[in-house]
Ligand code: FAD
């Protein structure tokens, strides 16, 4: 099984790449059943960690904590709880951190979150809340006992003053105590490596795990990319647009493109791969098996020492 004795930060600095899966809190019980099936199909792959996103509405926040806690308690997998500043006072955020801690979850992803009006709406902090993700990194550090991660943006965060200023924000979060970063989805490996170069040029060695989302449904990915500020590059569109009406062909092409992206990232030294699963396991398993068959990733066996 994955070595949960090592913190993720320590694992990422070891030689093997990590691989991990991201889930979102389903809206209803039916969605939750689908998620648990997916989790049971992915658990045998022995990922380094899985993470659960934190939604903007009160219900899904409660579900995030509950699902993350259940993964930590009932599976062999390390669970990372996402946490955002949206719509919550500092005291409420602190209470969620304490709930995570009491469920044995000692890894959190500290995020600002998107405004309630959507990713492109203006950001307004809660009157008794916090403004930037770095404030949450510091709060988790003050409480102690957490291995804290943060978000990173290969193409820059849409609100950032510049791509360089955004890299400086990531470095500031690392200096405030963040021990790893996970990126927004992207489609060009050069965008990822350019971000790594900007961060290293600022003398910061935080491990940056690329976030991977294969194109399985063209319209859905185009919408997610638009919302997150990621560009669907012309070289990708040229391969997908001509077959956009053929769902089976789009899916096969999406898997092929994502697998190649993963190969390029690992070959260039990425410390791991984080798959945005949308709570389904099949595509992730296909990419995982292809990479494992080529010897690029391996099961995360417990080390003998
Ligand atoms: P911050 O680091 O606070 O940055 C927000 C913006 O402010 C950026 O433009 C940054 O450049 C700027 N900034 C930061 N600090 C300063 C400063 N001191 N001065 C001036 N400008 C500054 N959203 C959810 O709602 N739930 C989730 O579970 C979730 N999971 C995510 C997981 C990953 C891996 C990623 C990449 C994103 C995730 N998001 C999630 C989306 C994320 O919350 C949004 O992209 C959000 O808009 C930015 O969050 P952040 O943590 O990067 O914020």
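Overview of results
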item: Cβ-derived FRET efficiency at R0 22 Å, residue 263 paired with residue 231, nearest 0.05; result: 0.55
item: Hull-based mean projected area of the stretch 234-301, where the convex hull spans the alpha carbons, in square nanometres; result: 5.6
item: Sequence-separation-based contact order of the chain, relative, with Cα cut under 8 Å and 6+ spacing, percent; result: 21
item: Calculated [θ] (222 nm, deg cm²/dmol) that DSSP helices of n ≥ 4 give over the chain, each run adding -39,500 (n - 2.57); result: -14000 deg cm²/dmol
item: Extension gain, residue 219 back to residue 289 (0.36 nm per residue minus Cα-Cα distance, nm); result: 22.6 nm
item: Inter-probe distance in nm under a simple model that places probes 7 Å from Cα toward Cβ, at residue 161 and residue 94; result: 3.1
item: The stretch 79-159 - convex hull of alpha carbons, volume per residue in Å³; result: 93
item: Förster-model FRET efficiency, 25 Å R0, residue 14 and residue 205, C-beta, rounded to 0.05; result: 0.95
item: Per-bin percent of Cα-Cα distances, the chain [20 Å]; result: 34, 62, 4
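Bear in mind that the values in this text are calculations on the coordinates, not laboratory data. Everything numeric here is computed off the predicted structure, so don't read it as measured data. Ideal geometry is used to build each Cβ from the backbone, glycine not excepted, and the neighbour counts take in all protein chains shown.
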